[in-house]
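First comes the structure, then the notes that go with it.
We did not get these values from a lab; they are worked out from the coordinates using the rules stated. What you see is a predicted model; the values in this text were computed from it and never measured. Using ideal geometry, Cβ is built from the backbone for each residue, glycine included, and neighbour counts are taken over all protein chains shown.
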There are 4 protein chains.
Amino acid sequence: MFFASDNTAPCPPEVLAALAAANDGYARGYGADPLTARATEMLREVLNAPQAVVHLVATGTAANALSLASFCPPWGAVFCHTHAHIAEDECGAPEFFTHGAKLVHVGGAHGRMAPAALAHALANTGESGVHGVQRGMVSLTNVTEAGTVYSAAETTALATLAKAKGLPVHLDGARFANAVVATGATPAALTAQAGVDVLSFGGTKNGLMGVEAVVIFAPDKGWEFELRRKRAGHLVSKSRYLAAQMVAMLEQGRWLAWAAQANAMAALLAEGLAARGISLGHPVDANILFPHWEPGTSARLRAAGAQFYDAPAPEGREGARLVTSWATTEADVAGFLAAL
Amino acid sequence: MFFASDNTAPCPPEVLAALAAANDGYARGYGADPLTARATEMLREVLNAPQAVVHLVATGTAANALSLASFCPPWGAVFCHTHAHIAEDECGAPEFFTHGAKLVHVGGAHGRMAPAALAHALANTGESGVHGVQRGMVSLTNVTEAGTVYSAAETTALATLAKAKGLPVHLDGARFANAVVATGATPAALTAQAGVDVLSFGGTKNGLMGVEAVVIFAPDKGWEFELRRKRAGHLVSKSRYLAAQMVAMLEQGRWLAWAAQANAMAALLAEGLAARGISLGHPVDANILFPHWEPGTSARLRAAGAQFYDAPAPEGREGARLVTSWATTEADVAGFLAAL
Amino acid sequence: MFFASDNTAPCPPEVLAALAAANDGYARGYGADPLTARATEMLREVLNAPQAVVHLVATGTAANALSLASFCPPWGAVFCHTHAHIAEDECGAPEFFTHGAKLVHVGGAHGRMAPAALAHALANTGESGVHGVQRGMVSLTNVTEAGTVYSAAETTALATLAKAKGLPVHLDGARFANAVVATGATPAALTAQAGVDVLSFGGTKNGLMGVEAVVIFAPDKGWEFELRRKRAGHLVSKSRYLAAQMVAMLEQGRWLAWAAQANAMAALLAEGLAARGISLGHPVDANILFPHWEPGTSARLRAAGAQFYDAPAPEGREGARLVTSWATTEADVAGFLAAL
Amino acid sequence: MFFASDNTAPCPPEVLAALAAANDGYARGYGADPLTARATEMLREVLNAPQAVVHLVATGTAANALSLASFCPPWGAVFCHTHAHIAEDECGAPEFFTHGAKLVHVGGAHGRMAPAALAHALANTGESGVHGVQRGMVSLTNVTEAGTVYSAAETTALATLAKAKGLPVHLDGARFANAVVATGATPAALTAQAGVDVLSFGGTKNGLMGVEAVVIFAPDKGWEFELRRKRAGHLVSKSRYLAAQMVAMLEQGRWLAWAAQANAMAALLAEGLAARGISLGHPVDANILFPHWEPGTSARLRAAGAQFYDAPAPEGREGARLVTSWATTEADVAGFLAAL
């Protein structure tokens, strides 16, 4: 009954097997090994982006912050949702890596930027000449921090607003696999075809030990990205061990299978909560749930062995955040609902 | 015959076994797991520093740059050897993390700072009031980039010069295990007892997939370090997988055994080179050799399957850099010497 | 009829006279001259802060950004009003000088932070451990960008909220003289006695060519400030020419006389507008007015020679911003009202 | 007998007169006034660069650091003389403004980069791929810190080495007028025609209160420069007062007349020193002298009222640095020599 985060679960056995297989003999360092090349090739195929530049890093914060820094100048504004991971959960990494860009918060229900709010923010930034920060880029998140998703059309609509101002678009896809499963869209339809210029493609929350890929659809930014990555201490010498995990996840469509399991378990949990009359703070599109239950419930569940985080709730209710993963089983869900 | 770098070798089987063992069930993220606590405890024991703050990161560049940033202000000078890793091989990571501190290069034969040169640099920096950068900190490297070591007394002598100016001391110990083996000194004698305030304790070059520890002997810097680490994208969520490797390396003295094998193979190689009348650019204290041989030799060796990097050499000679690792065998050495 | 800004007016003749007087013979550079010492002494007297550190700079943006950087770490949050100058009119200077601190916008009517809003922001920042930015400092503005003022009691109330969280307080006093005149409070009551730790004391908008003073009530920050100022290119070599202006402004209470004239002319203008039934967006506490008049009025006034900026207005009205200065005369006001 | 620095002298009366004349009525802020336009136009004429972008700032450090930041990325190396002002006298401003670029010191006698040393540094930087900093730009100084000058041909030779590596060239011209007088070259021949891309055109050391111009010969960098200047707090609101000084200096060739007086007085002083058998550390090309005299001489001269700084000297001698300015008279020189 571990619903604290998708990063508390163990890794699928295929990941361990891949590491063991990769640990055979000598390999060139810093990404010049065959496994890194293979991971690059597979990501290009998955995203239908044969020209894309692909680089591996160990954390999602690094993937996001390096992506932003490569596309947004220090005097630029990054438009993101008020509760985006880059806004709330990275201790200012975007500001550090960009040398001081300003995050402009855009509202919208359920973790999704409202197009009108983005349009308003875009219209009202950079209008005072040299005195204010300039429009820099737009950063979306899919799956959002509220556990909801953007469809391909919704992504395109937001990206189109960005493009109308000449801005590049970043997508924080720490849970991108879950978004692909949830929307049924192709990976390409949610990214390059929608107008995304740079993608943080998550592996860690989907089952890897700590591997994310940055996919840059504008290849001319590749070398700058490499320099920024090295300079930030995010170029690993033994790249094969990151790449092996990424390859294992992409092979045989495992990345979608793992995400599908997480999403399915969340849906099952949502169903059980609904059956018990428990309302949710946000729609359950993917693998995160925000139940609002009777005060005291959280303590009771924890006493029964459940693990999860508190979350805000309306007056008179108690809020929690539940996250499922590839490792969540029907038994876990059943046990949790029983304890409830 | 792989002598290109100690980061091209595979990992010892114990590392893989430790990862597999760690992959059992759920664990709290961001370092709040038992394995991370165990790694911390073991490092404190190894270094005889029960109060030390310990944090894991994935790369040596991150370990170094975060260490410098936590102790040196943006207007400070970092005194380091001209050929230190932080000066030549990190693409300006120290400048990035410190927000623009200045590296002051200190000379000295065989990769070792000459005490007189350090004293001179310390005396001539920060003497023009507000107009020049201020003295910030001293950064040593042991094993040096030239493959030589500092004894405990030599470390103490340099650190004493720093302390006389009120400066903290950093030790880049990417190959610290090799230095401990080579000097026969205790880990404590080479660090806190010598005056080192913060240590980059290497794991990657000694056999791990990508794990370094930063050991801060001045515990009041701990929280600032944590914020800087998070902000730099170097706080990993699934810390157990870093910690498991570190624990495996420290258990049963493996870290010293692995380094001892690397050092022994380097000594064997040095002996063979000497027997063939091949001179070396630097003394072989640890696991790196810089032979100067007849022009054409490198091509011949590579044709025979040897891997290594070129290095500078005197007029009329050809230079190479050979690095041994835990994985180097006597057969590797014999094969290389035979090809020679 | 020049109401565009208090920085478009000429300087009072005393300023020119002071420069001419200062231009006599040789003087030591970088602030080691007698006039700079005199300016420091006078500011300490004016602010009743005999221990304060005082430094001159040429622009308000420099004064603000250097003040913030000296008190707030890169991972800190600066709490300021949504429409503060540091938030909207400095092109990210605070982020540049602090190396990426985050401005947290606090709402409140008429340009004034609402205490409840500040309390809420303080309570909701820095509560997620290492994952989010930490509470850094509070920055107030008096006179606010809306032309309103904080009384000594209001300043104290906000500073008290900051102090309760252990935070230092900055006051952007680009129009501090106008605030002193408007509130009738002593300079000390609006600053150190209220809990302000560092003050940007404005000279430029009050009639100088380009001189601001940073007054640091916590003397131990003085040296760091000096290093930051030099490093930012804001240590001027011929400091006597800045100091001479500051001294001329402070002598004989001219700084308050000039501000009083500006405030009085604004009051006169406000009276005239009220008499004509024109409403104002904000109370006219000092020297800035935000009239909302009939559409078309602005064009008509400009055709008559008036200069001013547009400003937002409610549906069906037209907004303008009028700023008076030491140089505004009753004739200017009368002329403007006549054109109206 | 004030030879401490050219920034301790008063300003020529024309500067005061120009300020008084500029102080007439209202003027638009932030450089949108006619005087700023006039200064721009005059600098373009002087430099024979009709397309150049011109911006005024208050200090030489700001001019230099903003110039570097606009042309060199954070991971770039700035090649400059070991004793350049940017290397020794700006407390790391270049590193601050560039977000951490690395200054690579290039040697050469008498403050002048030796072409061979620059070629060597250029050849040995940026050759290790992503691991080391990249070649960024070259920064020359004319008049150098040693008081020597580069001829147009020497400037061209160094700039040609930079261009061969695709690098932009900065010229720190804090004493550019003195260099023009000393070389007899046209301003254009020492800058754009020689390959200089951005020039810090000094006014302060030549007699202004605190005004420098940045002249960017590559106009596409203009907007970025403006954003960086604003963000650094170096956009002054009352630009007319900077511009008035610059115009006064450029009108009627005064800038060269003032510099010619300074140079002539230095030559006279050099002659007098030579007649007394006092050797000099560097050739006296412009307005700075480095005499090496008998120990005890400095104290004696100071007792007689002379002001100057100490400087290094060979064993057994005592060193001093003497700087002349527009205000130095023949009587000053005669008095100094008499005291000697």
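Nearest-to-axis residue in chain D, judged by Cβ distance to the rotation axis that brings D onto B and given in whole Å, is D:Gly100, 3. Within the shell defined by Cβ-Cβ distances under 13 Å, the residues around C:Val53 carry a net charge of -1, with Lys and Arg each +1 and Asp and Glu each -1.
Converting phi to 3J(HN,Hα) with the Karplus coefficients 6.51, -1.76 and 1.60 and the offset θ = phi - 60°, the stretch C:85-91 yields 4, 5, 7, 10, 10, 10, 6 Hz in sequence order, with x at every glycine or proline. Remark: relative contact order (the stretch A:190-340) = 20 percent; criterion is Cα-Cα distance under 8 angstrom and separation of 6 or more residues. Highest GNM mean-square fluctuation among B:Phe71, B:Phe96, B:Phe176, for chain B modelled with Cα contacts below 10 Å: B:Phe96.
Averaged over all directions, how much area does the convex hull of the C-alpha atoms of the stretch D:254-339 cover when projected, in nm²?
That works out to 5.2 nm², a quarter of the Cα hull's surface.
7 Å along Cα→Cβ for the label point: how many nanometres lie between A:Glu45 and each equivalent label in the other copies, listed shortest first? Distances to the matching label points in the other copies: 4.7, 6.9, 8.2 nm.
Within 10 Å of each residue's Cβ, count the other Cβ atoms and sort C:Phe79, C:Phe336 from fewest upward.
Neighbour counts put them in this order, fewest first: C:Phe336, C:Phe79.
Across the stretch A:300-307, computed HN-Hα scalar couplings (Karplus, 6.51 cos²θ - 1.76 cosθ + 1.60, θ = phi - 60°) run 5, 5, 5, 4, 7, x, 7, 10 Hz from first to last residue, x flagging Gly and Pro. When you restrict to C-alpha pairs under 8 Å that are six or more residues apart and normalise by the size of the stretch B:29-116, the relative contact order lands at 24 percent.
This ranking places C:Tyr241, B:Tyr309 by how few other beta-carbon atoms lie within 10 Å of each, fewest first, which gives B:Tyr309, C:Tyr241. The residues neighbouring B:Ala84, those whose beta-carbon lies less than 15 Å from its own, together hold a net charge of -2 under the Lys/Arg +1, Asp/Glu -1 convention. Annotation: average projected area of the protein assembly as shown is 51.7 square nanometres, based on the convex hull of Cα atoms across all directions. Antiparallel beta bridges, as assigned by DSSP with both residues in chain D, represent about 50 percent of the total such bridges. Legend: ranking of residues B:Leu19, D:Leu199 from fewest to most surrounding C-beta atoms inside 10 Å; resulting order B:Leu19, D:Leu199.
Just the number: Rg to Rh for the stretch A:11-253, Cα atoms, Kirkwood Rh, two decimals.
Working: Rg = 17.4 Å, Rh = 17.9 Å.
My calculation puts Rg/Rh at 0.97.
Our helix-only sum for chain D, with -39,500 (n - 2.57) per DSSP H run of n ≥ 4 divided by its residues, gives a mean residue ellipticity at 222 nm of -12000 deg cm²/dmol. Plainly put, the tip 7 Å out from Cα toward Cβ on A:Thr82 is 1.0, 5.8, 5.9 nm from that tip on each other copy, the closest given first. Filter B:Lys102/D:Lys205; B:Lys230/D:Lys221; A:Lys165/B:Lys102; B:Lys102/B:Lys230; A:Lys238/D:Lys102; A:Lys221/B:Lys230 down to the pairs with a C-alpha to C-alpha distance above 32 Å, please. The pairs that break the limit, which is 32 Å between Cα atoms, are B:Lys230/D:Lys221; A:Lys165/B:Lys102.
Between B:Leu337 and D:Gln252, the FRET efficiency from the beta-carbon distance, with R0 = 56 Å, is close to 0.10.
For chain D, modelled as a Gaussian network with Cα springs under 10 Å, which listed residue fluctuates most, D:Trp326, D:Trp293, D:Trp258? The residue that fluctuates most here is D:Trp293. Long hydrophobic helices in chain C: the complete DSSP H runs spanning 15 Å or more by Cα along their own axis with mean Kyte-Doolittle hydropathy of at least -0.5 are C:34-46, C:60-71, C:152-164, C:239-250, C:254-275.
Residues considered: A:His105, A:His55, A:His131. Largest GNM mean-square fluctuation over chain A, using C-alpha springs under 10 Å, is found at A:His131. Distances between copies of C:Lys165, taken at a point 7 Å out from Cα along the Cα→Cβ vector and listed shortest first: 2.7, 3.9, 4.8 nm.
Can you check what the net charge comes to around B:Gly319, using other residues whose Cβ is under 12 Å from the Cβ of B:Gly319 (Lys, Arg +1; Asp, Glu -1)?
Values: positive: B:Arg317, B:Arg321; negative: B:Glu294, B:Asp310, B:Glu315, B:Glu318.
Taking every other residue near B:Gly319 into account, the sum is -2.
Between the alpha-carbon centres of the stretch C:288-320 and the stretch B:105-145 there is a gap of 63 Å.
Per-residue shielding of A:205-211, expressed as the average number of other chain Cβ atoms within 10 Å of the residue Cβ, stands at 3.
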